Amino acid sequence: MLPPPPVATDTASTGLFNGSPSNDMQNAMNSMGPMYASMAKSVLDAQLAYFKQPGKIAEIAKLNKDYFDALVKVGFNYEQALKIITANGLISKSSSVTGQ
């Protein structure tokens with residue numbers, strides 16, 4: 001014996017999740033928002049824990065100084081190198097995301 005065939009649903013009139021399409025999207029966003037906020041907080045907490053390790057800040061500072069010096073060495077002036085460092089540093093900008 002085979003199971004009965006699936007019942008066809010009219011998603012155009014009932015929405016994808018058996019509700020109105022706008023309600024379904026709102027429900028999905030309401031359930032995903034807290035999860036993404038939690039993930040962002042976890043990432044930021046992990047980054048802070050990493051940076052708090054002894055010597056990490058000094059290591060990052062040295063990398064940035066070496067990057068600045070390399071830019072100057074290849075021909076950028078001091079102002080250009082400083083702009084490059086501040087706009088496109090070696091460390092990801094994801095830590096600038098504000099979590100709640």
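The values are calculated or read from the model by the stated rules, or taken from the named source; none is laboratory data. Bear in mind that the values here come from a model prediction, so they are computed numbers and not experimental data. Every residue, glycine as well, gets a Cβ built from its backbone with ideal geometry; the counts of neighbours run over all protein chains shown.
The rows are residues; the columns are (1) modelled with pLDDT of 90 or more; (2) assigned to a helix (DSSP H, G or I); (3) among the hydrophobic types (A, V, I, L, M, F, W, C).
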{"position": "Ala8", "(1), (2), (3)": "no, no, yes"}
{"position": "Leu16", "(1), (2), (3)": "no, no, yes"}
{"position": "Pro34", "(1), (2), (3)": "no, yes, no"}
{"position": "Lys41", "(1), (2), (3)": "yes, yes, no"}
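Here is a yes/no grid of residues against (1) modelled with pLDDT of 85 or more; (2) loosely packed, with under 12 Cβ neighbours inside 10 Å:
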site: Ala12; (1), (2): no, yes
site: Asp24; (1), (2): no, no
site: Met29; (1), (2): no, yes
site: Ala46; (1), (2): yes, yes
site: Ile57; (1), (2): yes, yes
site: Lys62; (1), (2): yes, yes
site: Val72; (1), (2): yes, no
site: Ala87; (1), (2): yes, yes
site: Ser94; (1), (2): no, yes
